[in-house]
Amino acid sequence: MQKSFIIGSFLAIAGVFTAQAEQESFTLSSSDIAEGKMMETAQVYNAHGCSGQNISPQLSWQGIPEGTKSFALICHDPDAPRENGWYHWLVVDIPATTESIAKGQKIAGAVETINDFQENNYGGPCPPIGHGIHHYNFTLYALDVEHLDVEPQTPPTVVEQEVKAHALGQATLIGIYERK
């Protein structure tokens, strides 16, 4: 009995380390956003006093978790002065065969749900003037379903709950921006 307990414990611990290693190998990168660096004008919103080009950044990923059937991408600013922060971009039902998104690209088969600008597309950084540095968390989720049960007008917090309920893993890239 003690031998089977030891073997079972070893397998459970090995499973945890395998899941951690798989999570660590799932990475998100960009030729437009450098981790922890100021985002370029091309990605900044172009309204509400901001004068960027509002072009979604190039993103690519590797180390996809086993069993991935689709991806979801959420860009969120937790520093926005509101209870839930600010959702800038939500894309669901990204086909599992996708490994990158080109700058400004729409993804065939994917659905862009409404963001906090009340738009179904990318909405770049545009924090309040003098509010300090804001962090823009681009998080890609590997999902265990091909399609989420959300509509284009589903509120961002509901989309995020659905995404997290089906997540096999996630990879995050953080850009920053400040308006002085």
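The values are calculated or read from the model by the stated rules, or taken from the named source; none is laboratory data. Given the structure is predicted, the values throughout are model-derived calculations rather than measurements. Glycine also receives a Cβ, built like all others from the backbone with ideal geometry; neighbour counts cover every protein chain displayed.
Name the residues in region 128-180 that are acidic (Asp, Glu) and touching a helix residue (DSSP H, G or I) at 6+ places or on another chain (Cβ under 9 Å), would you? Full working, then the answer.
Start the filter on region 128-180 by keeping residues that are acidic (Asp, Glu), which leaves 144, 146, 149, 151, 160, 162, 178.
Hit for region 128-180 is 149, nothing else.
Tell me yes or no: at least one residue of region 39-46 is modelled with pLDDT of 95 or more, of a type in the set (Ser, Thr, Tyr), farther than 18 Å from residue 143 by Cβ and surrounded by 20 or more Cβ atoms within 10 Å (Cβ to Cβ).
Of the residues in region 39-46, the ones modelled with pLDDT of 95 or more are 39-46.
Restricting the remaining residues to those that are of a type in the set (Ser, Thr, Tyr) gives 41, 45.
Next, from what is left, pick out any that are farther than 18 Å from residue 143 by Cβ: 41, 45.
Imposing the further condition that a residue be surrounded by 20 or more Cβ atoms within 10 Å (Cβ to Cβ) reduces the set to 45.
The answer is yes; a qualifying residue exists.
Would region 68-77 turn up any residue that is exposed (fewer than 14 other Cβ atoms within 10 Å of the Cβ), part of a loop (DSSP other than H, G, I, E, B) and of a type outside the set (Phe, Trp, Tyr)?
So the first thing to find is which residues in region 68-77 are exposed (fewer than 14 other Cβ atoms within 10 Å of the Cβ), and the list is none.
Scanning region 68-77 turns up no residue that is exposed (fewer than 14 other Cβ atoms within 10 Å of the Cβ), part of a loop (DSSP other than H, G, I, E, B) and of a type outside the set (Phe, Trp, Tyr).
Taking the residues in region 79-98 that are in contact (Cβ under 8 Å) with a residue 60 or more places away in the chain and of a type outside the set (A, V, I, L, M) as candidates, determine which candidate is surrounded by the fewest Cβ atoms within 10 Å (Cβ to Cβ). Walk me through how you get there before you give the answer.
Of the residues in region 79-98, the ones in contact (Cβ under 8 Å) with a residue 60 or more places away in the chain are 84, 87, 90, 92.
Remaining after also requiring of a type outside the set (A, V, I, L, M): 84, 87.
Values: 84: 13, 87: 22.
The extreme case among them is 84.
Residue check, residue 52 against (1) part of a loop (DSSP other than H, G, I, E, B); (2) over 18 Å from residue 135 (Cα atoms), all met but one. Which one?
(2)
Results for (1) of a type in the set (Val, Ile, Thr); (2) closer than 15 Å to residue 163 by Cβ; (3) at pLDDT 95 or above, shown as yes or no for each residue.
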| residue | (1), (2), (3) |
| --- | --- |
| 93 | no, yes, yes |
| 103 | no, no, yes |
| 106 | no, no, no |
| 121 | no, no, yes |
| 133 | yes, no, yes |
| 139 | yes, yes, yes |
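Is there a residue being touching a Phe, Trp or Tyr at 6+ places or on another chain (Cβ under 8 Å), more than 16 Å from residue 56 (Cβ to Cβ) and exposed (fewer than 13 other Cβ atoms within 10 Å of the Cβ) anywhere in region 132-147?
yes
Looking only at region 77-92, count every residue that is over 15 Å from residue 114 (Cβ atoms) and either under 11 Å from the mean Cα position of the chain (by Cα) or not aliphatic (A, V, I, L, M) (or both) and tell me the total. Explain how you work it out, then say what you get.
Narrowing region 77-92 to residues over 15 Å from residue 114 (Cβ atoms): 77-83, 85.
Narrowing the set further to residues that are either under 11 Å from the mean Cα position of the chain (by Cα) or not aliphatic (A, V, I, L, M) (or both) leaves 77-79, 81-83, 85.
Qualifying residue count for the region: 7.
Provide a single number: the residues in region 1-34 that are modelled with pLDDT of 50 or more and under 21 Å from residue 167 (Cβ atoms).
Counting residues in region 1-34 that are modelled with pLDDT of 50 or more and under 21 Å from residue 167 (Cβ atoms) gives 8.
Working only within region 99-120, note down all residues that are surrounded by fewer than 21 Cβ atoms within 10 Å (Cβ to Cβ) and over 16 Å from residue 155 (Cβ atoms). Please lay out each step first, then the result.
Applying the first criterion (surrounded by fewer than 21 Cβ atoms within 10 Å (Cβ to Cβ)) to region 99-120 yields 99-100, 102-112, 114, 116-120.
Matches in region 99-120: 99, 100, 102, 103, 104, 105, 106, 107, 108, 109, 110.
Residue check: is residue 167 within 30 Å of residue 38 (Cβ to Cβ) and touching a Phe, Trp or Tyr at 6+ places or on another chain (Cβ under 7 Å)?
On the way: within 30 Å of residue 38 (Cβ to Cβ): yes; touching a Phe, Trp or Tyr at 6+ places or on another chain (Cβ under 7 Å): yes.
Considered against the rule, which asks whether it is within 30 Å of residue 38 (Cβ to Cβ) and touching a Phe, Trp or Tyr at 6+ places or on another chain (Cβ under 7 Å), residue 167 comes out as yes.
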